[in-house]
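The values are calculated or read from the model by the stated rules, or taken from the named source; none is laboratory data. Here the structure is a predicted model, which means the values were calculated and not measured. Heads up, the Cβs are rebuilt from the backbone with ideal geometry, glycines too, and the neighbour counts pull from every protein chain shown.
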Amino acid sequence: MLLSATTSRAVPPPGAAVAGVEPGSVAPLVDRVKGEVVTIQSTKFIRRFAVEDPWTQMLRQQFGLPAPRATREKQEALGSGFIVDRGGIILTNNHVVAGADEVVVKLADNRRFSARVLGSDPPTDVAVVKLDHPPADLPAVTLGDSDRVRVGDYVLAIGNPLGLGQTVTMGIVSAKNRVIGGRLGDTDPRYEDFIQTDAAINQGNSGGPLFNFRGEVIGINSAIINPGVAMNVGFAIPINLARQVADQIRRSGHVARGYFGASTRDFTPERADRMHVPFVAGALVDGVTRGSPAAVAGLEPGDVIVEVGGKPIEGYRRLLSVVGLYRPGEKMKVAFVRHGQRAEAVVTLAGPRDAGATTVLGVELQPLDPRDSASLGLGGGGLVVTSVDPRGPASGVLEEGDILLALDGKPITLAHFKALAARLANGARATLIIQRGRERFVLRL
């Protein structure tokens with residue numbers, strides 16, 4: 001059974017009675033839903049090897065002393081989650097269970113169960129966990145419709161902040177469709193479409209549910225901005241996005257996203273002035289890969305994408321978030337502005353570009369199309385970045401759509417890039433030439 005939304009009722013007018021809420025108290029609502037929320041403890045075991053300086057190593061060898069042994073360290077993480085299926089299926093954040101060797105789930109009544117991670121999706125920070133031996137009396141949440149959430153709606157956040165135990169906080173929806181980029185701190189999902197709330201969220205709330213006043217989950221509490229900078233600014237993954245991700249994980253163990261084939265950047269008033277066109281908020285198309293879905297649909301460099309599937313596009317990060325919800329083979333309606341005139345196109349997304357792709361240093365690379373390579377004067381070399389692990393070493397340095405042109409002055413191939421990873425691990429240095437849209441720059445490693 002996959003996740004499904006219930007039919008959401010119309011939001012009641014101010015002053016109207018809400019099911020589960022009594023005047024002056026939300027206790028009946030809390031009593032109804034608190035059993036659906038769990039605490040998740042994940043454990044990761046790490047082997048650490050002692051590093052000797054040359055002097056210590058010489059003395060040890062001279063006196064025949066044994067080499068230092070590797071130590072085994074235990075790292076623990078604490079977060080929250082919620083039961084979406086009475087068969088023991090739980091949703092949480094990827095960063096709560098990432099790399100875990102052991103997962104233990106504690107129910108609201110303090111019963112503990114071992115669990116396993118069915119799959120996770122770092123770009124959206126969503127993970128699916130399953131109890132190994134679920135009890136017969138598990139409750140399950142009701143999923144709402146996050147597209148119908150309005151700024152100003154009351155919400156409840158339930159989780160285990162700072163290891164204190166189950167805690168309930170209340171607030172409102174402060175904003176929708178937030179894209180916060182590098183301000184996240186310890187987690188930086190690639191696909192961002194957050195619900196912002198002022199309900200207090202702290203470490204340990206991650207993965208827990210954000211309820212509306214009908215007792216429906218409308219988001220997964222996921223991130224906060226540094227409390228030293230801001231207070232009561234929390235972010236939740238919309239449940240509609242999480243549901244799509246979780247359904248794919250339960251079907252196949254992974255998430256497949258459609259390939260678009262256009263590199264974009266934010267369109268700013270300054271760029272509009274340089275291009276001598278009117279400014280509109282959107283994502284400026286820098287480049288279109290030959291033969292890609294974007295090219296087939298007729299998109300061109302200089303177009304400004306302003307809407308996808310009826311959703312407004314304010315910048316390139318928003319475009320990534322919206323396109324990331326579409327699967328291979330799906331069609332999406334794209335509205336764009338070209339030379340000041342609005343136009344529309346239907347883009348049929350392709351499957352993942354993984355034929356011949358290789359992942360190195362958290363970067364998935366595809367050899368450049370021979371025709372594109374020849375047009376750039378690379379003689380068959382060149383690599384296209386098709387995805388970047390947001391937790392990998394190249395996050396924030398390389399971006400999807402980048403073209404790696406040369407390594408140390410010579411056209412780069414997959415074999416060269418694999419060798420580069422080994423060289424960097426040994427302390428060597430290298431120089432990459434990268435093309436991003438219409439710009440080229442040098443990256444010294």
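Among the strands (runs of 3 or more DSSP E) confined wholly to the stretch 18-118, which include 2 or more residues that are of a type in the set (Ser, Thr, Tyr) and at pLDDT 90 or above? Full working, then the answer.
Details: elements: 37-48, 71-85, 89-93, 102-106.
Result: 37-48.
If the requirement is being farther than 26 Å from Ala98 by Cβ, under 27 Å from the mean Cα position of the chain (by Cα) and either modelled with pLDDT of 75 or more or surrounded by fewer than 13 Cβ atoms within 10 Å (Cβ to Cβ) (or both), which of these qualifies: Leu368, Leu414?
Numbers: Leu368 fails: either modelled with pLDDT of 75 or more or surrounded by fewer than 13 Cβ atoms within 10 Å (Cβ to Cβ) (or both).
Result of the check over Leu368, Leu414: Leu414.
Need pairs with beta-carbon distance below 6 Å; first residue more than 17 Å from Met170 (Cβ to Cβ) and within the stretch 139-158, second among the aliphatic types (A, V, I, L, M) and part of a loop (DSSP other than H, G, I, E, B); sequence gap 6+ or separate chains.
Leu143/Ala5; Asp145/Ala5
Taking the condition at pLDDT 85 or above, touching a helix residue (DSSP H, G or I) at 6+ places or on another chain (Cβ under 9 Å), of a type outside the set (Ser, Thr, Tyr) and surrounded by fewer than 22 Cβ atoms within 10 Å (Cβ to Cβ), does Asn205 pass? Even if it seems obvious, please write down each step before you answer.
Details: at pLDDT 85 or above: yes; touching a helix residue (DSSP H, G or I) at 6+ places or on another chain (Cβ under 9 Å): yes; of a type outside the set (Ser, Thr, Tyr): yes; surrounded by fewer than 22 Cβ atoms within 10 Å (Cβ to Cβ): no.
In short, no.
Residue by residue, here is whether (1) within 23 Å of the chain's Cα centre (by Cα); (2) hydrophobic (A, V, I, L, M, F, W, C) holds:
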{"site": "Arg257", "(1), (2)": "yes, no"}
{"site": "Pro269", "(1), (2)": "no, no"}
{"site": "Arg274", "(1), (2)": "no, no"}
{"site": "Pro278", "(1), (2)": "no, no"}
{"site": "Ala283", "(1), (2)": "yes, yes"}
{"site": "Ala295", "(1), (2)": "no, yes"}
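I'd like to check something: does the stretch 102-122 contain any residue that is among the charged types (D, E, K, R) and surrounded by 20 or more Cβ atoms within 10 Å (Cβ to Cβ)?
Yes, because at least one residue in the stretch 102-122 is among the charged types (D, E, K, R) and surrounded by 20 or more Cβ atoms within 10 Å (Cβ to Cβ).
Just for the stretch 297-350: of the residues that are over 26 Å from the mean Cα position of the chain (by Cα) and among the basic types (Lys, Arg), which one is surrounded by the fewest Cβ atoms within 10 Å (Cβ to Cβ)?
Checked the stretch 297-350; the qualifying residue surrounded by the fewest Cβ atoms within 10 Å (Cβ to Cβ) is Arg342.
Any idea how many residues of the stretch 144-168 are assigned to a strand (DSSP E or B) and crowded, with 21+ Cβ neighbours inside 10 Å? Talk me through it step by step, then tell me what you get.
Residues of the stretch 144-168 that are assigned to a strand (DSSP E or B), as a first pass: 154-159, 167-168.
Right, trim to crowded, with 21+ Cβ neighbours inside 10 Å and you get 155-159.
Total meeting the criteria: 5.
Only strands (runs of 3 or more DSSP E) wholly contained in the stretch 196-275 count here; list those with 2 or more residues that are under 25 Å from Gly144 (Cβ atoms) and touching a residue at least 60 places away in the same chain (Cβ under 8 Å).
209-212, 216-224, 234-238
Can you name every residue in the stretch 276-314 that is touching a Ser or Thr at 6+ places or on another chain (Cβ under 7 Å), over 18 Å from Val179 (Cα atoms) and part of a strand (DSSP E or B)?
Val285, Asp286, Gly287
For the stretch 132-181, which residues satisfy the criterion of being in contact with a helix residue (DSSP H, G or I) (Cβ under 9 Å, 6 or more places away or on another chain), small (Gly, Ala, Ser) and farther than 16 Å from Ile239 by Cα?
Gly181
When the residues of the stretch 75-94 are narrowed to those that are buried (at least 24 other Cβ atoms within 10 Å of the Cβ) and of a type outside the set (A, V, I, L, M, F, W, C), which ends up nearest to Pro135 (Cα to Cα)?
Gly81
Do we find that Arg436 is at pLDDT below 70, closer than 25 Å to Pro301 by Cα and not assigned by TED's automatic domain parsing to the domain that holds Gly302 in this structure?
Values: at pLDDT below 70: no; closer than 25 Å to Pro301 by Cα: yes; not assigned by TED's automatic domain parsing to the domain that holds Gly302: yes.
In short, no.
Kindly check whether there is at least one residue in the stretch 111-119 that is outside the structural domain of Ala246 (by TED's automatic domain parsing), at negative phi and touching a Phe, Trp or Tyr at 6+ places or on another chain (Cβ under 8 Å).
No, the stretch 111-119 contains no residue that is outside the structural domain of Ala246 (by TED's automatic domain parsing), at negative phi and touching a Phe, Trp or Tyr at 6+ places or on another chain (Cβ under 8 Å).
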